[in-house]
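Read-outs: derived from the displayed coordinates by stated rules, not from any lab. Since the structure is predicted, the reported quantities are computational estimates derived from the model, not experimental observations. Backbone-built Cβ (ideal geometry, glycine too); neighbour counts: all protein chains shown.
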Amino acid sequence: MTDLLLIRHATNDWVGDRLAGWTPGVHLNEPGLSQATSLADRLAAWPIRAIYSSPLERAVETALAVAGRHGLEVQIEEGVGESHYGDWTGQSIKDLAKTPEWLQVQFTPGLARFPNGEALGEMQARAVAAVERLRRLHPDGVMAIFSHADVIKAVAAYYAGMPFDLFQRLVIDTASVTWVRFTPHGPRIMRLNDTGVLEPPKPEAANDQPAGSSDIRNDVASTPPTD
């Protein structure tokens with residue numbers, strides 16, 4: 001049985017303002033570094049066996065904070081990198097929200113493709129393929145993958161059996177943890193967007209019930225890709 005922790009990178013100066021996408025050199029800011037440290041504290045008791053990260057700096061820096069507590073190497077996985085936003089890269093979210101293409105991204109994302117970039121459906125397919133490949137490498141134990149909001153939403157939607165056109169109903173905050181347990185009966189979403197105290201699974205907890213407390217913040221019906 002594998003426990004997968006999908007972790008969004010900590011905050012940076014672009015979050016909520018512009019789409020960073022694959023822009024190089026976007027690092028955690030001071031609040032982001034504090035978030036990463038707090039995240040490492042929250043996960044210190046978890047028996048994490050492997051850590052993977054999107055190649056983008058903000059994800060790697062967050063992953064390194066956690067990896068340092070566990071004596072693990074951060075392994076780069078391009079398959080869980082951010083959406084390729086194409087011509088939208090670097091643009092203001094406020095300006096993009098005024099375009100008709102934005103509405104398609106929000107309400108029929110399965111048909112949406114970023115101008116000169118990636119289709120959202122393609123993003124989900126390559127991210128799930130990456131997770132499945134890594135899951136086969138780790139048929140038991142805990143692994144952590146550090147990624148981005150839209151990617152984590154897309155992967156969580158897939159394992160929840162949610163139609164992809166509804167995936168924008170999920171909310172993934174910076175430095176949040178989404179915990180997916182792969183059981184003999186299929187995947188179980190144990191936590192979604194958890195930013196509170198997250199107790200590790202007990203060794204005897206072989207059922208599908210979650211352990212510990214939760215802080216599920218899923219109160220926004222339709223959110224933008226905010227990197």
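Couplings for the range 44-54, taken from phi via the Karplus curve 6.51 cos²θ - 1.76 cosθ + 1.60 with θ = phi - 60°, read 4, 8, 6, x, 6, 9, 8, 10, 10, 8, 3 Hz in order; Gly and Pro are left as x. Placing unit charges on each Cβ (+1 for Lys and Arg, -1 for Asp and Glu) gives the chain a dipole about its Cα centre, and among Ser147, Ser34, Ile48 the Cα reaching farthest toward its positive end belongs to Ile48. Less than 5 angstrom separates the built amide H of Phe146 from those of Ile7, Tyr52, Ser53, Ser54, all sequence-distant by 5 or more or on a different chain.
Note down the net charge around Leu39, summing +1 for each Lys or Arg and -1 for each Asp or Glu among other residues with Cβ under 12 Å from its Cβ.
With Lys, Arg at +1 and Asp, Glu at -1, the net is -1.
Scaling the Cα radius of gyration of the range 3-73 by the globular reference 2.2 N^0.38 Å produces a ratio of 1.09. Taking all Cα pairs closer than 8 Å and separated by 6 or more residues, the relative contact order of the range 20-100 comes to 37 percent. Restricting the trypsin sites (Lys or Arg not before Pro) of the range 69-178 to loop positions (DSSP other than H, G, I, E, B) with no more than 15 neighbouring Cβ atoms within 10 Å leaves Lys98. Of the GluC sites (Glu not before Pro) found in the range 54-108, the ones in coil according to DSSP and having at most 15 other Cβ atoms within 10 Å of their Cβ are Glu73. Taking a straight line from the alpha carbon of Lys202, these lysines sit under 28 Å away, with near neighbours fewer than eight places off in the same chain left out: Lys153.
For the range 1-67, the set of trypsin sites (Lys or Arg not before Pro) satisfying both a DSSP loop assignment and a count of at most 11 other C-beta atoms within 10 Å is empty.
Remark: relative contact order (the range 46-194) = 24 percent; criterion is Cα-Cα distance under 8 angstrom and separation of 6 or more residues. Springs join every pair of Cα atoms under 10 Å in this Gaussian network model of the chain, and among Ser147, Ser54, Ser92 the largest mean-square fluctuation is at Ser92. Each 5 Å bin from zero up to the one holding the largest Cα-Cα distance in the chain carries the following percent of pairs: 1, 7, 15, 21, 21, 17, 10, 5, 2, 0, 0.
Rounded to the nearest angstrom and listed largest first, the equivalent-ellipsoid semi-axes of the range 5-126 from its Cα gyration tensor are 29, 16, 12. Considered as an equivalent ellipsoid built on the Cα gyration tensor, the range 92-131 has semi-axes of 22, 10, 9 Å, the largest given first.
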